[in-house]
Every structure is written in C-alpha cells, then in structure tokens.
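The values are calculated or read from the model by the stated rules, or taken from the named source; none is laboratory data. Worth saying up front: this structure is predicted, and the values here are computed from it rather than measured. Note that each Cβ is placed from the backbone with ideal geometry, even for glycine, and that neighbours are counted across all protein chains shown. The protein model used for the area step is the full one, side chains on, heavy atoms only, and it has no ligands, DNA or RNA in it. Shrake-Rupley method; radii C 1.70, N 1.55, O 1.52, S 1.80 Å.
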Amino acid sequence: QVQLVESGGGLVQPGGSLRVSCEVSGIIFSIPSMSWYRQAPGLERELIATITSSGDTNYADSVKGRFTVSYDNAESTLYLQMNILKPEDTAVYYCYARVRPRWTSPMEDYWGQGTQVTVSS
C-alpha cells in the first residue's frame, strides 16, 4: 500500500516563507511524476506544481517564480518551498503521486491528506 503523508503547513505572514513536505512510503516500482495541488474554500482544487522522475518541473502562473518543487530520492520526500507568500495562497495543500506499484501493475493515483497553509497578518 502506497502512502503519502504531508507535513509543514501553518500560519505565516504575507511576504514570508514556508516549506511543506510529502513523504512517500510503500511498495513502489516507479513514480513518473508528483504534483502539488491546493484548494481554497469555495474553489476547485488547483494544480500548482509538478515534477517528473527526470527532474523536469512545471508551475502554475499564480506561483511561478515564488514556489519551488523538488524531490529528495534519499528521503523519498516531495517538497514545496513557498516564498513571498500572499493571502491568496491560503489553502489546503495536497500532494499527488502517479505511481506504478509493481512493474506489472497499472498506474495508480495517490493523494496526501492535505495540510493547511494560512497567510495572514
């Protein structure tokens, strides 16, 4: 069973920084890509950052230049470094992984439990 466990959310002032983490565990043959999504109250879940197994990254325009996604293979952990935070970044942040558990398995989708990030003075 694959699990994604998030941590690192909290309250930060506008202009501040925060890093959220997503530890991956379980039986995994390959992870072609991982992403961060966020969902603010009353809004749909939004894709904000993706990293592939080759290290390529892609960002939503709303976070480009301020957020950085990375993956530490040794720690099996996905990170999202968030800088110059704005009140509109307030949301629940979710990690997502597209996983092949075994080489004979079809691809499967997994989500973290979400972590709250609040940007407010």
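Name the residues in the range 55-78 that are open to solvent by 40 Å² or more (accessible area, probe 1.4 Å) and outside any loop (DSSP other than H, G, I, E, B), would you?
If the condition is that a residue be open to solvent by 40 Å² or more (accessible area, probe 1.4 Å) and outside any loop (DSSP other than H, G, I, E, B), then 57, 58, 59, 68, 70, 71, 72 are the ones that fit.
Restricting to the range 79-89, name every residue that is more than 24 Å from residue 55 (Cα to Cα) and open to solvent by 40 Å² or more (accessible area, probe 1.4 Å).
If the condition is that a residue be more than 24 Å from residue 55 (Cα to Cα) and open to solvent by 40 Å² or more (accessible area, probe 1.4 Å), then 86, 87, 88 are the ones that fit.
Filter the range 1-18 down to the residues that are more than 14 Å from residue 79 (Cα to Cα) and outside any loop (DSSP other than H, G, I, E, B), then identify the one that is most open to solvent (accessible area, probe 1.4 Å). Full working, then the answer.
Filtering the range 1-18 down to residues more than 14 Å from residue 79 (Cα to Cα) leaves 1-3, 10-16.
Imposing the further condition that a residue be outside any loop (DSSP other than H, G, I, E, B) reduces the set to 3, 10-12.
Details: 3: 104, 10: 26, 11: 129, 12: 18 Å².
Applying the filter and picking the extreme gives 11.
Collect the residues in the range 4-53 that are of a type in the set (S, T, N, Q) and farther than 22 Å from residue 109 by Cα, keeping them in residue-number order.
Taking the range 4-53 and keeping what is of a type in the set (S, T, N, Q), we get 7, 13, 17, 21, 25, 30, 33, 35, 39, 50, 52-53.
Those that are of a type in the set (S, T, N, Q) and farther than 22 Å from residue 109 by Cα: 13, 17.
Residues of the range 38-54 being open to solvent by less than 40 Å² (accessible area, probe 1.4 Å) and within 17 Å of residue 115 (Cβ to Cβ), which ones? It would help to see each step written out before you state the result.
The initial filter retains those residues of the range 38-54 that are open to solvent by less than 40 Å² (accessible area, probe 1.4 Å), namely 38, 40, 48-51.
38, 40, 48, 49 - these are the residues of the range 38-54 that are open to solvent by less than 40 Å² (accessible area, probe 1.4 Å) and within 17 Å of residue 115 (Cβ to Cβ).
Condition first: modelled with pLDDT under 95 and within 15 Å of the chain's Cα centre (by Cα). Now tell me which residues in the range 26-43 satisfy that.
The answer is 31, 32, 33.
Of everything in the range 92-119, what is of a type in the set (Val, Ile, Thr) and surrounded by 14 or more Cβ atoms within 10 Å (Cβ to Cβ)? Give them in sequence order. Don't jump to the end; show me each part of the working.
Just the residues of the range 92-119 that are of a type in the set (Val, Ile, Thr), to begin with: 92, 99, 104, 115, 117-119.
Listed by number, the residues that qualify are 92, 99, 115, 117, 118, 119.
Pick from 35, 21: which is open to solvent by less than 70 Å² (accessible area, probe 1.4 Å) and without any contact (Cβ under 8 Å) to a residue 60 or more places away in the chain?
On the way: 35 fails: without any contact (Cβ under 8 Å) to a residue 60 or more places away in the chain.
Exactly one of 35, 21 is open to solvent by less than 70 Å² (accessible area, probe 1.4 Å) and without any contact (Cβ under 8 Å) to a residue 60 or more places away in the chain, namely 21.
If you go through the range 32-46 one residue at a time, how many are part of a strand (DSSP E or B), out of contact with any Leu (no Cβ under 9 Å at 6 or more places or on another chain) and of a type in the set (A, V, I, L, M)?
Number satisfying all stated conditions: 0.
Determine which member of the set 75, 44 is touching a residue at least 40 places away in the same chain (Cβ under 8 Å), of a type in the set (Asp, Glu) and within 20 Å of residue 9 (Cβ to Cβ).
Details: 44 fails: touching a residue at least 40 places away in the same chain (Cβ under 8 Å).
Going through 75, 44 in turn, just one is touching a residue at least 40 places away in the same chain (Cβ under 8 Å), of a type in the set (Asp, Glu) and within 20 Å of residue 9 (Cβ to Cβ): 75.
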